[in-house]
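This report concerns only the one structure given below.
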Amino acid sequence: MKTGKSITRRDFLKGTAGIVLTSAIGAGLPSIVFAQAKSRVIVVRNAAVIDQDGKINEAVLQGMLDDAVKAITKKKTAQAGWKSLIKRSDIVGIKTNAWRHLRTPAELEQAIKSRVLEAGVDEKNLSIDDKGVRANKVFQNSTALVNARPLRIHHWSGVGTCLKNYIMFVPTPSEYHPDGCADLGKIWTLPVVKGKTRLNIQVALTPQFYGRGANFFDRRYVWDYKGLIVGTDPVAVDAVGAELLRLKRMAHFGEDRTMDVTPHHINVADKKYKLGNSDLKNIEIVKIGWKEGVLL
Amino acid sequence: MKKFEALIIGLVIFVYSVFISGAAFCDNAAAMKGVSAMWPAEIYGWKIAEGPTLYDSKTAYKYMNGAAELFIAFNMRTLTVLQYGKSGQPSITLEIFNMDSSADAYGIFSFESDDPGAGVGQGSEFGGGLLRFWKGNYFVSVYGDKPGTAVEAATLSLGGKVSSAVKETGGLPKILALLPDKVSQYEKKQAWFLHSHILMNQRFFIAYENILKLSGNVDAALGQYVRGKDKAYLLVIRYPSQAIAADAFNSFKKAYMPGAAGMSVKTENGKWTAVEKRGEYLAVVFDAPDEKYAAQMIKSQTGRIGEVK
């Protein structure tokens, strides 16, 4: 993506590049606290959601999603919570992620779908898609989106985030790869998605916290966290997800082993595109369920 | 008249479609013919369950999303994917990347290697059930879906079979030889071969824009030199022509060293950057401790250019 004047390493060293560059060379992010309302992020976990063979318990997963929606909407039932998020008249796209090694589980897709249908949405106005969203009529005409993707490290963006999950809405995703996908937040300002996202779900059932290479799943660095990270603020959800991966690296390696790319696109989405809170000080993390090894 | 025009337009579209799809089919068939002898039908009871499926640089995104860009940045020609299955056992995925050159096959392999070698091909690593190796113009990955002694043995054996089928070996990127092992008290700790400014920025951030004009037909070698906690970087780039090298030199000077009278400049961290163009080569030093050392680093490689051409 063209950014006008070329910002170089020296601009960073001078401190004149602004917030966009803060992490381009791996430096830590400045702790700038704006006077904005706190975001709430729900971390829901259940030890029984995955069995010893890696099979997902659908009922348990549905219960986790329901608990998260009740907590984020502050409604007494999941159905009431979903009705506060989705209108009967909405045309709803459920944006998933089909990366073959670690995809959005079909069980979660169905759990979301069933609740959206219960909210009164006509089934013909509902679609689940990833790579085909640009050609999908429901997504083209959507009035509401639910964003669900697995939490993992990512070659281009540092962390595979909810922000990153919308890259399939642009015709040439690779244009967003420079500088650790810093400008992913821009996608969220495009008409096809702007203002439509009602819920963001980082699927942390089996997150991947470390790895090398663009396409290489590495099961040595995947663990059974058995959680969902849920919120209406995508930046806050992603900030919590990135922090979880960082804490897991610390626990595993005894240090925060350097990643090739830092997830600074989360910070840029906050400071440049004003999409939400990236500073953990401005995020209230509500933990529900299984506490062992919660890390956060 | 309108019907006639529509007929003509339809005919043109039909002929064009047949031509294009036919050409694509011929291309794919030719590419497939080139690699079809590389894999066995069966390995330790695992048989081909899916594939071979052939992708090129335009279609690889369908298989691996944005990850394809990494391989394309190393001049991937084709990717062939097969899946092997065996009852009661995890599946094994074989990915064969046919790269533009052995330098590129080495480049993609070495850009992110992290595990112990496995003695396969010209360079390999095996960890977490994943075997990666390069040989000749090929970069290959073999991966078992789940852990297990049998599947790992089959993964390694499958890799060995594919490696054996590649008859020709290839050389390392010549430009890597321009990076000396040591300059004064600084020792080379790591070195990377690449073509892409995005990948360059992953190893050492220079600028958002491609101010050094890197591209698929431009070879670059980046070396990290270490003395205690101090790090300096030497970057050597070979362009297709002197004119392109001159363009890149001017672009870099303008963006990174504005106002610098000579070929070196003290940067805001108190260290030194220097640049020199020689023929179709460009050498750039970053984070040298002083101007003299920056000049020494530049000199350390320019004398070697004639030796590696």
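The values are calculated or read from the model by the stated rules, or taken from the named source; none is laboratory data. Worth saying up front: this structure is predicted, and the values here are computed from it rather than measured. Positions of Cβ are generated from backbone atoms using ideal geometry, with glycine treated the same way; all protein chains shown enter the neighbour counts. Please note that ligands, DNA and RNA were not included when accessible areas were found on the heavy atoms of the full protein model with its side chains. Shrake-Rupley method; radii C 1.70, N 1.55, O 1.52, S 1.80 Å.
Numbers below:
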quantity	calculated
Chain pair B, A: total accessible area buried, heavy atoms, 1.4 Å probe, Å²	3700
Nitroxide proxy distance, nm - points 7 Å out along Cα→Cβ at A:R88 and A:A59	3.1
Shape category assigned to the stretch A:159-240 from the gyration tensor of Cα positions, a/c cut at 1.5	oblate
Cross-link partners of B:K58 among aspartates and glutamates (Cα-Cα below 12 Å; sequence separation of 8 or more within a chain)	B:E69
Candidate lysines - alpha carbon under 25 Å from B:K161, same-chain residues fewer than 8 apart omitted	B:K33, B:K47, B:K86, B:K135, B:K146
Karplus-derived HN-Hα couplings along the stretch A:261-270 (A = 6.51, B = -1.76, C = 1.60, θ = phi - 60°), whole Hz, x at Gly and Pro	10, 7, x, 6, 4, 5, 5, 5, 4, 6
Additional length obtainable on full extension of the chain from B:S215 to B:A153, 0.36 nm per residue less Cα span	18.4 nm
List of the stretch B:57-82 residues, accessible area with partners at least 50 Å² below that of the chain alone (1.4 Å probe)	B:N65, B:E69
Cβ-derived FRET efficiency at R0 25 Å, B:N250 paired with A:L13, nearest 0.05	0.65
From the C-alpha gyration tensor of the stretch B:248-309, square roots of 5λ in Å	20, 15, 7
DSSP bridge pairs, the protein assembly as shown: antiparallel proportion in percent, nearest 5	80
Accessible area expressed per residue, the protein assembly as shown, with surrounding protein chains retained (probe 1.4 Å, Å²)	42
The stretch B:98-151: projected area of the alpha-carbon convex hull, averaged over directions, in nm²	3.7
Percent of C-alpha pairs per 5 Å bin, the stretch A:38-289, short to long	1, 7, 14, 19, 21, 18, 12, 5, 1, 0, 0
C-alpha center-to-center spacing [the stretch B:157-193, the stretch B:216-281] in angstrom	23
Between helix B:291-302 and chain B: long-axis angle, C-alpha atoms, 0 to 90°, nearest 10	50
Residue of B:S124, B:S141, B:S164 that the Gaussian network model of chain B assigns the largest fluctuation, springs spanning Cα pairs under 10 Å	B:S164
Interchain or long-range residues, amide H under 5 Å from A:I288's placed H	A:V43, A:V44, A:R45
Partner aspartates and glutamates for B:K229 [C-alpha distance under 17 Å; skip if fewer than 8 residues away on the same chain]	B:E187, B:D287, B:D290
Cα-Cα separations in the protein assembly as shown greater than 46 Å, expressed as whole percent	21
Mean ellipticity per residue at 222 nm, deg cm²/dmol - from DSSP H runs of n ≥ 4 across chain A, formula -39500 (n - 2.57)	-8000 deg cm²/dmol
Translational diffusion of chain B, µm² s⁻¹ [Kirkwood Rh, Cα pairs; Stokes-Einstein; 25 °C; 0.890 mPa s]	112
Cα→Cβ-extended label distance, 7 Å offset, between B:K266 and A:R257, nm	4.0
Table column - 3J(HN,Hα) (Hz), the stretch A:278-291, Karplus curve with 6.51, -1.76, 1.60, x for Gly and Pro	9, 7, 4, 5, 9, 10, 8, 9, 9, 9, 10, x, 4, 9
Extension gain (nm, one decimal) between A:D122 and A:K274, 0.36 nm per residue minus Cα-Cα	51.5 nm
Filter on A:K87/A:K137; A:K272/B:K62; A:K95/A:K124; A:K131/A:K274; A:K248/B:K231; B:K174/B:K292 - keep pairs with C-alpha separation over 23 Å	A:K272/B:K62; A:K131/A:K274; A:K248/B:K231; B:K174/B:K292
Cubic angstrom per residue, convex hull over Cα atoms of the stretch B:37-165	98
A:S114-B:Q83 FRET efficiency (beta carbon distance; Förster radius 30 Å; 0.05 resolution)	0.40
Label-point separation in nm, B:T169 to A:L190, each point 7 Å along Cα→Cβ	4.7
Globularity ratio of the stretch A:228-296, using Cα Rg and 2.2 N^0.38 Å	1.17
